[in-house]
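**Student:** Encoded as structure tokens, here's the structure I'll be asking about.
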């Protein structure tokens, strides 16, 4: 992965890509790192087609898989969980906004 560090805020991401979704987060991260889909897919240990499906919102990963991806990307896990849940709510055409905070692990 690139060693360049570019800080981009949520407003800039949403201006360029639209309202933030898990797929748009993946794509903006990939482009910020100046990676091709093939390079990013290899880093995430998935196929290019799987990455493409995620980036375009055709598929939504499980929460656990999304957290694994977040760790590999160095992205806050809470943000990814929130986006995945919001993607599911949006897909069901429900008018809810999801927020997530990190708490204690369930035993």
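The values are calculated or read from the model by the stated rules, or taken from the named source; none is laboratory data. Model, not experiment: these values are computed from the prediction. Quick reminder, even Gly has a Cβ in these numbers, built from the backbone with ideal geometry, and neighbours come from all protein chains shown.
**Student:** Within the range 71-80, is even one residue buried (at least 18 other Cβ atoms within 10 Å of the Cβ) and within 17 Å of residue 19 (Cα to Cα)?
**Tutor:** Checked the range 71-80: at least one residue is buried (at least 18 other Cβ atoms within 10 Å of the Cβ) and within 17 Å of residue 19 (Cα to Cα).
**Student:** Could you please let me know if residue 68 is farther than 15 Å from residue 54 by Cβ and surrounded by fewer than 18 Cβ atoms within 10 Å (Cβ to Cβ)?
**Tutor:** Values: farther than 15 Å from residue 54 by Cβ: no; surrounded by fewer than 18 Cβ atoms within 10 Å (Cβ to Cβ): yes.
The answer is no for residue 68.
**Student:** Specify which of the listed residues (100, 89) is modelled with pLDDT of 95 or more, surrounded by 13 or more Cβ atoms within 10 Å (Cβ to Cβ) and more than 16 Å from residue 25 (Cα to Cα). Don't jump to the end; show me each part of the working.
**Tutor:** On the way: 100 fails: modelled with pLDDT of 95 or more.
Going through 100, 89 in turn, just one is modelled with pLDDT of 95 or more, surrounded by 13 or more Cβ atoms within 10 Å (Cβ to Cβ) and more than 16 Å from residue 25 (Cα to Cα): 89.
**Student:** Further, regarding this structure: I'd like the residue in the range 10-38 that is touching a residue at least 12 places away in the same chain (Cβ under 8 Å) and surrounded by fewer than 18 Cβ atoms within 10 Å (Cβ to Cβ) and, out of all such residues, is farthest from residue 72 (Cα to Cα). Write out each step before concluding.
**Tutor:** Taking the range 10-38 and keeping what is touching a residue at least 12 places away in the same chain (Cβ under 8 Å), we get 13, 16, 20-30, 32-35, 37.
From what's left, surrounded by fewer than 18 Cβ atoms within 10 Å (Cβ to Cβ): 16, 20, 32, 34-35, 37.
Numbers: 16: 24, 20: 19, 32: 15, 34: 16, 35: 14, 37: 15 Å.
Result: 16.
**Student:** Given the conditions (1) assigned to a helix (DSSP H, G or I); (2) modelled with pLDDT under 95, and given that residue 39 satisfies all but one, which numbered condition is not satisfied?
**Tutor:** That leaves (2) as the condition not met.
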